[in-house]
Amino acid sequence: MDAKTAALEVMNSAIESADPYRAVRRSINVDGNRMAVFGEEFPLSGKVYLLAFGKAACSMARAVVDLLGERIEEGVIITKYGYAEDCPKMERLKVIEAGHPVPDENSLLGGRLGLELAEKVGENDVLLVLISGGGSALFLLPERGITLEDKIRTNELLLKSGAKIYEINTVRKHISAVKGGKLAKRVRGTVISLILSDVVGDPLEAIASGPTVKDPTTFGDAFRILKLYGVWEKLPESVKAHIELGLEGKAEETLKEDLPNVRNFIVGSNTLACESALAKARELGYNALLLTTTLEGEAREIALAIGSIVQEIARYDRPVPKPAVLIAGGEWTVTIEEKAGLGGPNQEFALSIARKIDGLNAVVLAVDTDGTDGPTDAAGGIVDGKTLGLLRESGIDVEEVLRRHDAYNALEKVGALLRTGPTGTNVNSLMVAVVPKERQ
């Protein structure tokens, strides 16, 4: 097996392990009028309602429908455009496709319908909330006085600022009527949230901005983040006004205590995906090393650091001897300071590391496990020791491309884009580096 094929097999194993349908099915057991989630039992004496939002919403919902069937009274499913094909076919379920990463009118519709559903849940009823990556944009309901356009503008500013996902979510929670545990506040019955984590370290309050979880962040934290990343002065006036009210104690804070009727469970994460990748690499006969599942930072900079380790293996057989596979998971970012080209963090990672592995017998891929890297049709990029030379032969100035954040067009020109199509899951990004023993 050549190095590229090995890298793709390791990647596919990771993505398959994070399959949302399997994650839900292995976490739930239904026996008569009782349902157990990871062994914790809940009575099913009343009605069951279903609310699912995120890129993996359809697969997760299908698992619940297969388990509970006609017990489900009503449900709302909100997912990204093009992701609804896998949704369960059931008249009681309303399916909405909405915008991501930039929310749109359908995101707002999903937020309204989801909140209406939550308020229907009686004291003896159960609301199953299925949460996955992308939920912050797809399940949207701004606080009073903040328009959709204002929320979109705020979201765009944050996404371009280089802020980490948990920092972005801190702001989102404080201008939302459903995030930061506010959804859970509206439910009289039992809330059971099954969560597919797309946030480094799996902090519950940060995943999809924590609609069913208590939140440790404050309006003060949101203000600090907006100032830190130079966003505050650019914000719409309605958003600034609401945060200022919060700073004065005149706007509702997010949920600050656990609610006795709410339980949250993580059913899948980047850690599980990386561990599956590690097992697959070893199965293929490689000396495999899982570097970290919490890698964060500027994509092109951390790519150089990882590239240095690949160099060390290729030249000196350390920290692991050839044939070797390095695996890392996390969430890398791109800070856009001016008008940018086309690409995403994983494409930028791949283009950047191509500089470091030039001439080496190595293959490196970086992929967003949801199948979409930035606003493109690519999931990431896959490069080897020949890629930089091919780029130069094509007349591409890699340093200039990285400055303009136009990795997509550069990688496409040399056949180095990685396209998986929608995977149905989302558990952060994944890096796989393969250094074979013999030149292939």
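Filtering region 20-68 down to residues that are polar (S, T, N, Q) and more than 15 Å from D125 (Cβ to Cβ), which residue is most open to solvent (accessible area, probe 1.4 Å)? Lay out the reasoning, then the answer.
Just the residues of region 20-68 that are polar (S, T, N, Q), to begin with: 27, 29, 33, 45, 59.
Then keep just the ones that are more than 15 Å from D125 (Cβ to Cβ); that gives 27, 29, 59.
Numbers: S27: 5, N29: 96, S59: 12 Å².
Per the stated criteria, the residue is N29.
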Of all helices (runs of 4 or more DSSP H) completely enclosed by region 82-171, which ones contain at least 2 residues that are surrounded by fewer than 17 Cβ atoms within 10 Å (Cβ to Cβ) and out of contact with any His (no Cβ under 7 Å at 6 or more places or on another chain)? 105-120, 148-161
Could we say that T369 is under 23 Å from A279 (Cα atoms), open to solvent by less than 20 Å² (accessible area, probe 1.4 Å), of a type in the set (S, T, Y) and touching a residue at least 40 places away in the same chain (Cβ under 8 Å) here? yes
Give the residues of region 323-343 that are open to solvent by 40 Å² or more (accessible area, probe 1.4 Å) and assigned to a strand (DSSP E or B), sorted by residue number. E331
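What residue, among those in region 234-284 that are of a type in the set (S, T, N, Q) and open to solvent by 20 Å² or more (accessible area, probe 1.4 Å), is modelled with the lowest pLDDT? Full working, then the answer.
Taking region 234-284 as the starting set, the residues that turn out to be of a type in the set (S, T, N, Q) are 238, 254, 261, 264, 269-271, 276.
Now narrow it down to the ones that are open to solvent by 20 Å² or more (accessible area, probe 1.4 Å): 238, 261, 264, 271, 276.
Values: S238: 97, N261: 97, N264: 97, T271: 91, S276: 94.
Of everything passing the filter in region 234-284, T271 is modelled with the lowest pLDDT.
Among the β-branched types (V, I, T), touching a helix residue (DSSP H, G or I) at 6+ places or on another chain (Cβ under 9 Å), open to solvent by 10 Å² or more (accessible area, probe 1.4 Å) and modelled with pLDDT of 95 or more, is that true of V231? Full working, then the answer.
Details: among the β-branched types (V, I, T): yes; touching a helix residue (DSSP H, G or I) at 6+ places or on another chain (Cβ under 9 Å): yes; open to solvent by 10 Å² or more (accessible area, probe 1.4 Å): no; modelled with pLDDT of 95 or more: yes.
No.
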Would you check if V364 is in contact with a Gly (Cβ under 9 Å, 6 or more places away or on another chain) and assigned to a strand (DSSP E or B)? yes
Among the numbered criteria (1) open to solvent by 10 Å² or more (accessible area, probe 1.4 Å); (2) of a type outside the set (F, W, Y); (3) in contact with a strand residue (DSSP E or B) (Cβ under 7 Å, 6 or more places away or on another chain), which single criterion is violated by D358? (3)
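Out of I313, I302, I need the residue that is among the β-branched types (V, I, T), over 25 Å from H405 (Cα atoms), in a helix (DSSP H, G or I) and at pLDDT 95 or above. Which one? Give the steps one after another, and end with the answer.
Numbers: I302 fails: over 25 Å from H405 (Cα atoms).
Of I313, I302, the one residue that is among the β-branched types (V, I, T), over 25 Å from H405 (Cα atoms), in a helix (DSSP H, G or I) and at pLDDT 95 or above is I313.
Give the residue, chosen from L278, L289, that is assigned to a strand (DSSP E or B) and either free of Cβ contacts under 8 Å to residues at least 12 places away in the same chain or out of contact with any Gly (no Cβ under 7 Å at 6 or more places or on another chain) (or both).
Working: L278 fails: assigned to a strand (DSSP E or B).
Every option except L289 fails the conditions.
Would region 296-309 turn up any residue that is more than 24 Å from A163 (Cβ to Cβ) and crowded, with 19+ Cβ neighbours inside 10 Å? Quick ask: steps written out before the conclusion?
From region 296-309, those more than 24 Å from A163 (Cβ to Cβ) are 307-309; that's our starting set.
If we keep only those that are crowded, with 19+ Cβ neighbours inside 10 Å as well, we get 307, 309.
Yes, region 296-309 contains a residue that is more than 24 Å from A163 (Cβ to Cβ) and crowded, with 19+ Cβ neighbours inside 10 Å.
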All but one of (1) open to solvent by 40 Å² or more (accessible area, probe 1.4 Å); (2) without any contact (Cβ under 8 Å) to a residue 60 or more places away in the chain; (3) small (G, A, S) hold for G201, so report the exception by its number. (2)
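The values are calculated or read from the model by the stated rules, or taken from the named source; none is laboratory data. Predicted model, so just to flag it, every value in this text is computed and none were measured. Cβ: placed from backbone, ideal geometry, glycine included. Neighbour counts: every protein chain shown. These area figures cover heavy atoms from the full protein model, side chains too; ligands, DNA and RNA do not enter into them. Shrake-Rupley method; radii C 1.70, N 1.55, O 1.52, S 1.80 Å.
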